[in-house]
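First the structure, in the form of structure tokens, and then the observations on it.
The values are calculated or read from the model by the stated rules, or taken from the named source; none is laboratory data. Every value quoted in this text rests on a predicted model; they were computed, and no experiment measured them. All Cβ positions, even for glycine, are placed from backbone atoms using ideal geometry, and neighbour counts span all protein chains on display. With ligands, DNA and RNA removed, areas are computed over all heavy atoms of the protein, side chains included. Shrake-Rupley method; radii C 1.70, N 1.55, O 1.52, S 1.80 Å.
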Amino acid sequence: MPHLRFRGMARATVKEISKTLVTTLAPVINSPESHFVMEFIPAEFVRDGQIITGQPLIEVLWFTRPQELQDQVATLITEAMRAYLEPDQDLCIIFTALEGHNYYENGQHYGK
């Protein structure tokens, strides 16, 4: 059930990357493609009272996985996104580990 949230980038970029990113990640994570959620979140970044260009950010919410796998997924996401970023542009990826007993689908949590 990896849930990827994209901020600080164009909607068109997220739509384009959605065509290949899940196919790349699914076998590595060992999760069916149908379990992935990709979400575009429009965001405005502010500094000193002005709207500024923010750093692209991808937040990955998922059930805890080994550090080596998390590192591999971060690398794959970064490599996939490079085609859509400026050459010197940074990309931030944040992993949030979910616990089964706190995640509900259709009223049932995964901790049972």
Exercise. Given (1) exposed (fewer than 14 other Cβ atoms within 10 Å of the Cβ); (2) hydrophobic (A, V, I, L, M, F, W, C); (3) over 17 Å from residue 8 (Cβ atoms), where does residue 98 come up short, assuming only one miss?
Worked result: (1)
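Quick grid of which residues meet (1) without any contact (Cβ under 8 Å) to a residue 40 or more places away in the chain; (2) over 18 Å from residue 40 (Cβ atoms):
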site: 56; (1), (2): no, no
site: 61; (1), (2): no, no
site: 73; (1), (2): no, yes
site: 76; (1), (2): no, yes
site: 80; (1), (2): no, no
site: 91; (1), (2): yes, no
Seminar exercise, completed: Of the residues in the stretch 64-77, those that are within 14 Å of the chain's Cα centre (by Cα) and either loosely packed, with under 14 Cβ neighbours inside 10 Å or part of a loop (DSSP other than H, G, I, E, B) (or both) come to 71, 75
Exercise. Which numbered condition trips up residue 82, out of (1) assigned to a strand (DSSP E or B); (2) open to solvent by 90 Å² or more (accessible area, probe 1.4 Å)?
Worked result: (1)
For this session: Show the residue pairs that are 6+ apart or on different chains and have beta-carbon atoms under 9 Å apart, the first residue being within the stretch 1-30 and closer than 20 Å to residue 90 by Cα, the second being assigned to a loop (DSSP other than H, G, I, E, B) and of a type in the set (Phe, Trp, Tyr).
Result: 4/36; 21/36
Seminar exercise, completed: (1) open to solvent by 60 Å² or more (accessible area, probe 1.4 Å); (2) at pLDDT below 95; (3) not small (Gly, Ala, Ser) all hold for residue 11 apart from (2)
For this session: Could you figure out which of (1) exposed (fewer than 15 other Cβ atoms within 10 Å of the Cβ); (2) of a type in the set (Val, Ile, Thr); (3) in a helix (DSSP H, G or I) isn't true of residue 51?
Result: (3)
Problem set entry | Pick from the stretch 85-112, criterion at pLDDT below 95 and either aromatic (Phe, Trp, Tyr) or assigned to a strand (DSSP E or B) (or both), ranking: farthest from the chain's Cα centre (by Cα) | 108
Exercise. Out of the residues in the stretch 9-48 that are under 12 Å from the mean Cα position of the chain (by Cα) and outside any helix (DSSP H, G or I), which is nearest to residue 80 (Cα to Cα)?
Worked result: 18
